[in-house]
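> Have a look at the structure that comes next, please.
The values are calculated or read from the model by the stated rules, or taken from the named source; none is laboratory data. Treat the numbers as computed from the prediction; the structure is a model and nothing was measured. Here the Cβ positions follow ideal geometry from the backbone for every residue, glycine too, while neighbour counts run over all protein chains shown.
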Amino acid sequence: MEREHILSILYDLTLTIGGEIHLDDLLRKVLQRFLYHTAFPMGLVLLDHKYVNGVIQARLTSVIGDHLLELRRGEQLELPTALTRNPIELLNDSTLFAEINNRAKYRYCLKLPIDETGVILLLSPRMPASKLPLTQIFQPVLANLSRAILLCRNSERLTRTLETDRDQARAELANALERSERERMLLRSLNDTIPDLVWLKDPAGTYLTCNKAFEGLYGTTEAKLVGKTDYDFVEKELADFSRENDQAALKSDGPSVNEEWLTFTCNGYHGLFETIKTPLKKEDGSILGVLGIARDITLRKEAEDRIKQLAYYDSLTNLPNRRLLMDRLGHALLASLRSRNYGALLILDLDRFKILNDTRGHGTGDQLLKEVALRLVDTVRQEDTVARLGGDEFVILLENLDSNKDFAARHAELVAEKIRKELNKSYFLSPQEHEHHSTTSIGITLFSDQRNTAEALLKQADVALYQAKDSGRNTVRFYNASMQSAIDERMAMETALRQALRNNEFTLFYQSQVDSNGWITGAEALIRWPSPDRSMVLPDSFIPIAEETRLILPLGLWVLERACDQLKTWQSDPRTKQLTLAVNISALQFHQHDFADQIKDILHRYEINPAFLKLELTESALLEDIDSAIERLSRIKALGIGLALDDFGTGFSSLSYLKRLPLDQIKIDRTFVRDIAEDANDAAIVQAVISMCHHLGLNVIAEGVENQEQKAFLEKNGCRAFQGYLFGRPMPTAEWENQYLIATDKT
Amino acid sequence: MNTDGLKSGEDAIQHLPLIRTSLDTLLQSWRAEYPYAGVLALLPEQEKDNLRILQASCRRQDIPLAGAIFPALLIDKEFHREGVLLFRFDEWVPSFLIHELNKGKSSPDEKIAQAVIPAIEAASLEAGKPSLYMIYDGLLPNIASILDGLYLRLSDRVHYAGVNAGSETFQPMPCLFDADHVIEGGALCLLIPGPNVTVLEHGYPVPKHVMNATSTDGNRIFSIDWRPAFDVYQEIIQEEYGIGLTKENFYHYAVHFPFGILRANQDLVVRIPVTLNEDGSLFCIGEVPENTMLVLLRAPQVKEGDCISRLADNLEASNGSLTGRSILTFYCAGRRMHLGEDSLRELNDLAKQTGVTHLAGALSLGEIGTAGKGDYPMFHNAALICTPWGGI
């Protein structure tokens, strides 16, 4: 019984000792089992003995059952050697364990030394009853415990080392992971930030990843995309195309670039994408997959096209501009040289376009230019170039016409005539506007084996254009060398004209206007330019140039002021105060928005009786914008000034308009008067005009009357006022006044 | 157990019907006389539904309440299944109702220690070391382990004593309460100032035959001496007592033949098997540590043992003469089943030998005590556990 009992206790203790690998747990559980089996209420374990000065220093490692001692756990205690060394003993000498006997509560101690390692002390106030030989049975257990302590310590040391290594490895791994994750997040963030589509496919075409932009345009998510191929998303044709590109990229050494138009079914977006596909390789050189980056270049392309358009095309008409024209002309010259075929360069502008622009505004002018551009493009061949140089100047480049110069010239002329006729057709510039008529002048130059530059050709065509204009507009002219000298002369004229204005070189001549009795009723002021180096320059030479260069404005104002000054002189003299003075007003002058105010200002400054001032305006000046002309004429008329329509019959005469204009007098143009006796048509026109004027209550005056026959005819048909050499040439002021006074004296 | 506060009069322990008026009248008078009083209440299982009357009454009278439900009450030499037994503390002691001991991250002993240590540190030591009186839900499977853990944490700072509460049928039941709650799976702890000492005794003799619990898990013994537990149990009972144990008559005999855990000091810790499982394992009240040395006990007859004499002697040795005083007594329900009517004889003998005026307590489902003053706490079955108290 006792033997079984002891073996059972030893068995329990041995199993407890063998079941632990941590020192604290081992000591606590062993101590618990000792207390349990022995019924001692308190136990402690001291380890790590050191013999110092006859005592033993040991560390209090484990305590059960004494709270105050528990608080001292870990302390080094000094104990008598008898309390720590073999053998196992049951002690009742409390002085031995005074160091640990709080409040002297313990009287008995079972000392259980653990080899040289330490000691277990079980303490109790009284001797627990036991029939077991406590001092004898535990020796093998304690030997076992000694080795277990060693093993636990080794295990813990090893564990600590392993744990340290593990913690270090974990920390390194964690750092690496964190770094990797940070880098991954950074890369992901970068990927997701860029607006380009980024994706990665494996060599089989299966998606491995993509960025946010890709998700957005394809209307999917990376999670849904990964593991799938293009065949799962797009039509087979497009997927095949993409697959071919991928495979080409896989075989290449570097990036391959494509541009492709893509349509995204999820949102209907259609755009041009520049796709760069790059093969990605692992460190060992094997292929990881294809990295794709697609950039939406739709806007960039549009911008480039726009820039190109702005650089090479006219923004109003979308026709090539001068830059592109010169480029094409350069190419055409080279081609012509090679083919030996003639080409032609046509330059045209719209007659009187400036007047339209000034009177109807730039918007209307632009509308006309656009319409002209359309007509030009429709008129020529597709391979020909129509360009706009600026303003109302257009150029047509005709290539590869013929190897024969005459034939080529004929061809070019035909084209030019076709253009001229097309442009002469009526324009309807806006639904509200009445129809507009325009004519064009065209200059042509041919090119072939001549070694001309593009600039020189353009200049030649320009010269031809001036020639066409000089020929009365609305016509076509070819360039020849003599033209250039005429142009040069014209340029010199313009320079001289400006100088003459500055130097006040102009003067006024006066030509008498008479009634049917031959009595002088007044005069028409006519400008003359007694140029120091050109003798007398005729108005027909410089007025057109003055009009083209707008010098007519200061010149016209000068004439008006000079005439009013003269009129004031006349009105201050009783002999001449009844004279009427007619002054010609140019179209440009009349269309100035403040023209009526200018007149008013002059009247005010010169203090003249406006009833004796008569402004003569040409038909074309009035009919450009009839409503505006009526309004302006009415304001002038309201100042008391007389108004006459000059050169009647030479323009787009319209009786219906004539009726609406607040005119006082119609002047029959000299071209009708000249042949009045011989030409039945002219005679009929003159008769009709006079009749119409009577009918409308208008005075009528005939100019260019040079003989009695003409006067008689006019008078017979009711004309009562005349002007012409028959009554006196234009002459300087003093001479005319002298003539007038003589005539007056006679009468 | 400290009964200083109860020495003021015979009325400190009262057995009352669970009627509002009776309770209100008594508690009102206690409250008037002892403004800091509190009540420990023992309730028989049969009255569990009337607990709310008691709780409401205590709340009305603003008297702290702590208590537990047991199979029956013990009053003098009789067991009662009605009414409530009230123990008045003239000055209420720190009490802790700790629920869900076996849930959560903290161990049960850690939860109890966290609750009671501040009170232990604040307790006055003038009257001596305090006692930690613990009442556990009897269905907790790990009370012995909890006690081991508590001893590591509290060591010799308190005396340990206590009982298990609950249903005699071992059905789950909320059995621990205060004025506002009733819980199961927990513990009720009272920190009672010294110096009285609780004494526990079962009087089972140590048999010669020793076995080893070679495979256990908590309260369950799978194998004894490396053989199925029931086979060994059956064989020894046949050999030693000539009784043919079967699965059918197991419940009839088991209470009379408990296991004992033998300690080196010849102490026995009784473990009564209460359930025979299909796999031949035995389920006991109280844990059986693996490799524990077991003996098969035969429950003693009253006339055979010296249990009551030893109990009375130890009570007197630890607390002095008890003549004229009362004893808070818990009597194991398994012991009662074993002894039947003889259990009343034991109680009668106890009263006689101690000279106390009254015994008051309940049938318990396990008992907690120490072999001697200041010893390691053990969880027992089949024991009587007594604490000197005032009169009834």
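> Scan A:Ile676, A:Ile685 and give me the residue that is buried (at least 21 other Cβ atoms within 10 Å of the Cβ) and modelled with pLDDT under 90.
A:Ile676
Residue-wise test of (1) exposed (fewer than 14 other Cβ atoms within 10 Å of the Cβ); (2) more than 60 Å from the chain's Cα centre (by Cα); (3) among the aliphatic types (A, V, I, L, M).
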residue	(1), (2), (3)
A:Arg3	yes, yes, no
A:Ser8	no, yes, no
A:Leu13	no, yes, yes
A:Ile17	no, yes, yes
A:Leu27	no, yes, yes
A:Gln32	no, yes, no
A:Ala39	no, yes, yes
A:Val45	no, yes, yes
A:Tyr51	yes, yes, no
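> Tell me yes or no: at least one residue of the range A:145-153 is in contact with an Asp or Glu (Cβ under 6 Å, 6 or more places away or on another chain) and hydroxyl-bearing (Ser, Thr, Tyr).
yes
> Just a yes or no: is a residue in the range B:341-352 more than 30 Å from B:Tyr241 (Cβ to Cβ) and touching a residue at least 12 places away in the same chain (Cβ under 8 Å)?
yes
> Still on this model: Which of (1) surrounded by fewer than 12 Cβ atoms within 10 Å (Cβ to Cβ); (2) closer than 12 Å to A:Val290 by Cβ; (3) not aliphatic (A, V, I, L, M) does A:Thr278 not meet, given it meets every other one?
Result: A:Thr278 passes all but (1).
> Output the helices (runs of 4 or more DSSP H) that fall wholly within the range A:1-75 and possess 1 or more residues being within 12 Å of chain B (Cβ to nearest Cβ), in contact (Cβ under 8 Å) with a residue 40 or more places away in the chain and not aliphatic (A, V, I, L, M), or say none.
A:2-18, A:23-38
> Here is a further query. Here is a list: B:Asp231, B:Asp217, B:Asp225. Which entry is within 14 Å of chain A (Cβ to nearest Cβ) and surrounded by fewer than 22 Cβ atoms within 10 Å (Cβ to Cβ)?
Being within 14 Å of chain A (Cβ to nearest Cβ) and surrounded by fewer than 22 Cβ atoms within 10 Å (Cβ to Cβ) holds for just one of B:Asp231, B:Asp217, B:Asp225, which is B:Asp225.
> Sticking with this structure for a sec: Among the strands (runs of 3 or more DSSP E) lying completely within the range A:250-366, list those that include at least 3 residues that are within 21 Å of the chain's Cα centre (by Cα).
Hits in the range A:250-366: A:270-281.
> Restricted to the range B:258-297, and to residues that are more than 14 Å from chain A (Cβ to nearest Cβ) and among the acidic types (Asp, Glu), which residue is nearest to B:Ser223 (Cα to Cα)?
Across the range B:258-297, the extreme among qualifying residues is B:Asp279.
> Which of the residues belonging to the range A:136-151 are out of contact with any helix residue (DSSP H, G or I) (no Cβ under 7 Å at 6 or more places or on another chain), within 14 Å of chain B (Cβ to nearest Cβ), in a helix (DSSP H, G or I) and at pLDDT 85 or above?
None; the set is empty.
> Right, next: Which of the residues spanning the range A:449-462 are within 41 Å of the chain's Cα centre (by Cα) and surrounded by fewer than 24 Cβ atoms within 10 Å (Cβ to Cβ)?
A:Arg451, A:Asn452, A:Thr453, A:Ala454, A:Glu455, A:Ala456, A:Leu458, A:Lys459, A:Asp462, listed by residue number.
> Find the residue count for the range A:248-268, including only residues that are aromatic (Phe, Trp, Tyr) and loosely packed, with under 14 Cβ neighbours inside 10 Å.
The number of residues fulfilling the criteria is 1.
> Would you point out the residue of the range A:640-650, among those that are part of a loop (DSSP other than H, G, I, E, B) and surrounded by 15 or more Cβ atoms within 10 Å (Cβ to Cβ), that is modelled with the highest pLDDT?
Ranking the qualifying residues of the range A:640-650, first place goes to A:Ile641.
> Follow-up. Examine the range B:163-177 for a residue that is in a strand (DSSP E or B) and more than 17 Å from the chain's Cα centre (by Cα), and state whether such a residue exists.
Among the residues of the range B:163-177, not one is in a strand (DSSP E or B) and more than 17 Å from the chain's Cα centre (by Cα), which makes the answer no.
> Another question, if that's okay. Among the numbered conditions (1) over 28 Å from A:Thr159 (Cβ atoms); (2) within 12 Å of another protein chain (Cβ to nearest Cβ); (3) touching a Cys at 6+ places or on another chain (Cβ under 9 Å), tell me where A:Asp93 comes up short.
Among (1) over 28 Å from A:Thr159 (Cβ atoms); (2) within 12 Å of another protein chain (Cβ to nearest Cβ); (3) touching a Cys at 6+ places or on another chain (Cβ under 9 Å), the lone unmet condition for A:Asp93 is (2).
> Looking for whichever is in a strand (DSSP E or B) and under 20 Å from A:Pro320 (Cβ atoms) here; the options are A:Leu376, A:Leu398, A:Leu423. Which one fits?
On inspection, the qualifying residue turns out to be A:Leu398.
> Can you confirm whether B:Phe222 is modelled with pLDDT of 85 or more and part of a strand (DSSP E or B)?
In short, yes.
> Quick one: in the range A:572-616, which of the residues that are among the β-branched types (Val, Ile, Thr) and more than 57 Å from the chain's Cα centre (by Cα) is nearest to A:Leu663 (Cα to Cα)?
The extreme case among them is A:Thr580.
Conditions (1) among the basic types (Lys, Arg); (2) surrounded by fewer than 18 Cβ atoms within 10 Å (Cβ to Cβ), marked per residue:
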position: A:Arg184; (1), (2): yes, yes
position: A:Thr193; (1), (2): no, yes
position: A:Val198; (1), (2): no, no
position: A:Asp202; (1), (2): no, yes
position: A:Thr206; (1), (2): no, yes
position: A:Tyr218; (1), (2): no, no
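> Kindly evaluate B:Glu201 against the criterion of being of a type in the set (D, E, K, R), over 23 Å from A:Leu15 (Cα atoms), more than 14 Å from chain A (Cβ to nearest Cβ) and crowded, with 19+ Cβ neighbours inside 10 Å.
Taking the combined requirement at face value, the residue satisfies it.
> Considering only residues that are within 11 Å of chain B (Cβ to nearest Cβ) and more than 21 Å from A:Leu68 (Cβ to Cβ), look in the range A:114-134 and name the one that is farthest from the chain's Cα centre (by Cα).
Selected residue: A:Lys131.
Yes/no per residue for (1) of a type outside the set (Gly, Ala, Ser); (2) surrounded by fewer than 22 Cβ atoms within 10 Å (Cβ to Cβ):
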| position | (1), (2) |
| --- | --- |
| B:Pro64 | yes, yes |
| B:Asp76 | yes, yes |
| B:Val84 | yes, no |
| B:Arg88 | yes, no |
| B:Ser106 | no, yes |
| B:Ala122 | no, yes |
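> Which ones in the range A:76-114 are in a strand (DSSP E or B) and either surrounded by fewer than 15 Cβ atoms within 10 Å (Cβ to Cβ) or at pLDDT below 80 (or both)?
Answer for the range A:76-114, where residues must be in a strand (DSSP E or B) and either surrounded by fewer than 15 Cβ atoms within 10 Å (Cβ to Cβ) or at pLDDT below 80 (or both): A:Gln76, A:Glu78, A:Leu90.
> Could you please find all residues in the range A:702-736 being part of a loop (DSSP other than H, G, I, E, B) and surrounded by 22 or more Cβ atoms within 10 Å (Cβ to Cβ)?
Result: A:Glu703, A:Val705, A:Cys719, A:Gly724.
> Would you say A:Leu110 is within 14 Å of chain B (Cβ to nearest Cβ) and touching a strand residue (DSSP E or B) at 6+ places or on another chain (Cβ under 8 Å)?
Taking the combined requirement at face value, the residue satisfies it.
Yes/no matrix, rows are residues, columns are (1) at pLDDT below 85; (2) part of a helix (DSSP H, G or I); (3) hydrophobic (A, V, I, L, M, F, W, C):
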site: A:Phe394; (1), (2), (3): no, no, yes
site: A:Val415; (1), (2), (3): no, yes, yes
site: A:Leu429; (1), (2), (3): yes, no, yes
site: A:His434; (1), (2), (3): yes, no, no
site: A:Ile444; (1), (2), (3): no, no, yes
site: A:Asp449; (1), (2), (3): yes, no, no
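> Considering only the range A:103-139, state which residues are over 19 Å from A:Arg33 (Cβ atoms) and small (Gly, Ala, Ser).
Result: A:Ala104, single match.
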